[in-house]
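The values are calculated or read from the model by the stated rules, or taken from the named source; none is laboratory data. Worth saying up front: this structure is predicted, and the values here are computed from it rather than measured. No Cβ is skipped: glycine too gets one built from the backbone with ideal geometry, and neighbour counts run over all protein chains shown.
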Amino acid sequence: MSTWAAKRFWAATAAEPCDGGFTVRLDARPVKTPAKQPLVLPTLAMAQAIAAEWDQQQGLIRPDTMPLTRAANSALDKVAPHPGGVVDEIANYGSTDLLCYRATAPQPLIDRQAAGWDPELDWARTALGAPLAVTQGVIPVPQPEPSLARLRAHVAALGPFQLAALHDLVAISGSLILGLAVTQGRLTGDQAFALSRIDETWQNELWGTDEEAAAMEVLRRDALLNAERFLALCG
């Protein structure tokens with residue numbers, strides 16, 4: 001049984017102003033989201049970057065090579081209609097943030113986690129007004145409710161496109177603090193990813209790198225950097 005796949009049908013791709021922002025046109029046809037909404041984007045830079053993704057399609061259209069388009073679709077079709085639910089989903093990571101759960105041994109790993117993660121928790125305490133408790137092991141530790149409320153407020157202050165980017169930054173890293181640090185320019189995506197993989201890096205140094213795991217690591221890093229790029233294009 002054959003599987004139908006969309007093919008390129010247009011000759012020219014353009015980013016143009018439209019009502020409410022900017023859009024992408026394939027010849028004279030404006031791009032729409034999977035939910036058939038107009039693809040209205042907040043900045044010309046984002047529209048140009050998404051237009052470039054469409055222009056690079058040759059033959060069969062490959063959505064997996066269009067991360068910015070997929071992020072914009074998510075912002076319009078999933079985040080914008082239900083922002084409160086998305087804010088809650090992202091903010092919930094604060095109650096189990098990766099940075100708060102430390103190794104019990106060996107001491108060099110404990111020291112490496114502290115060197116990488118303590119400065120980010122200090123920043124959350126001073127810049128975000130959200131001190132978080134740290135524990136050793138994986139047993140959940142309660143976090144101060146005022147801190148969780150402040151972290152949620154920082155998330156809720158973002159628009160749909162920024163929330164779409166933050167969602168991926170947080171889900172991939174496992175840390176709301178690292179995700180917010182990228183949105184506020186404290187960390188680059190590369191820095192946040194490296195901090196989120198301290199445990200995995202330690203294991204690789206001890207036992208060597210598994211080829212399949214390494215390939216997945218590359219995909220995760222690429223996805224996080226795409227989210228960072230999308231965030232920057234929000235303006």
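So, of the residues in segment 146-185 that are surrounded by 18 or more Cβ atoms within 10 Å (Cβ to Cβ) and of a type in the set (S, T, N, Q), which turns out to be farthest from the chain's Cα centre (by Cα)?
Checking each candidate, the answer is 147.
Answer yes if at least one residue in segment 104-125 is over 25 Å from residue 84 (Cβ atoms), touching a strand residue (DSSP E or B) at 6+ places or on another chain (Cβ under 6 Å) and either in a helix (DSSP H, G or I) or in contact (Cβ under 8 Å) with a residue 60 or more places away in the chain (or both), and no otherwise.
Residues of segment 104-125 over 25 Å from residue 84 (Cβ atoms): 104-123, 125.
Narrowing the set further to residues that are touching a strand residue (DSSP E or B) at 6+ places or on another chain (Cβ under 6 Å) leaves 104, 113.
After this cut, where a residue has to be either in a helix (DSSP H, G or I) or in contact (Cβ under 8 Å) with a residue 60 or more places away in the chain (or both) as well, the list is 113.
Yes, segment 104-125 contains a residue that is over 25 Å from residue 84 (Cβ atoms), touching a strand residue (DSSP E or B) at 6+ places or on another chain (Cβ under 6 Å) and either in a helix (DSSP H, G or I) or in contact (Cβ under 8 Å) with a residue 60 or more places away in the chain (or both).
Scan segment 126-145 for residues that are surrounded by fewer than 16 Cβ atoms within 10 Å (Cβ to Cβ), touching a residue at least 24 places away in the same chain (Cβ under 8 Å) and closer than 17 Å to residue 186 by Cβ and jot them down.
Within segment 126-145, just 127 meets the criteria.
Anything in segment 71-85 that is assigned to a helix (DSSP H, G or I) and surrounded by fewer than 20 Cβ atoms within 10 Å (Cβ to Cβ)? List them, or say none.
Here is the first cut: in segment 71-85, the residues assigned to a helix (DSSP H, G or I) are 71-79, 83-85.
Within segment 71-85, 77, 78, 83, 84, 85 meet the criteria.
Tally the residues that are surrounded by fewer than 17 Cβ atoms within 10 Å (Cβ to Cβ) and either within 18 Å of residue 231 (Cα to Cα) or among the polar types (S, T, N, Q) (or both), restricting the search to segment 1-20.
So the count comes out to 2.
Conditions (1) in contact with a Ser or Thr (Cβ under 7 Å, 6 or more places away or on another chain); (2) within 18 Å of residue 195 (Cα to Cα); (3) in the same structural domain as residue 37 (by TED's automatic domain parsing), marked per residue:
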| site | (1), (2), (3) |
| --- | --- |
| 74 | no, no, no |
| 94 | no, yes, no |
| 103 | no, yes, no |
| 108 | no, yes, no |
| 114 | no, yes, no |
| 120 | no, yes, no |
| 143 | yes, no, no |
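Yes or no: residue 222 within 22 Å of residue 95 (Cα to Cα), within 11 Å of the chain's Cα centre (by Cα) and either outside any helix (DSSP H, G or I) or among the acidic types (Asp, Glu) (or both)? Before you say what the answer is, go through the steps one by one.
On the way: within 22 Å of residue 95 (Cα to Cα): no; within 11 Å of the chain's Cα centre (by Cα): yes; either outside any helix (DSSP H, G or I) or among the acidic types (Asp, Glu) (or both): yes.
It is false that residue 222 is within 22 Å of residue 95 (Cα to Cα), within 11 Å of the chain's Cα centre (by Cα) and either outside any helix (DSSP H, G or I) or among the acidic types (Asp, Glu) (or both).
Among the numbered criteria (1) part of a helix (DSSP H, G or I); (2) more than 24 Å from residue 148 (Cα to Cα), which one does residue 88 miss?
(2)
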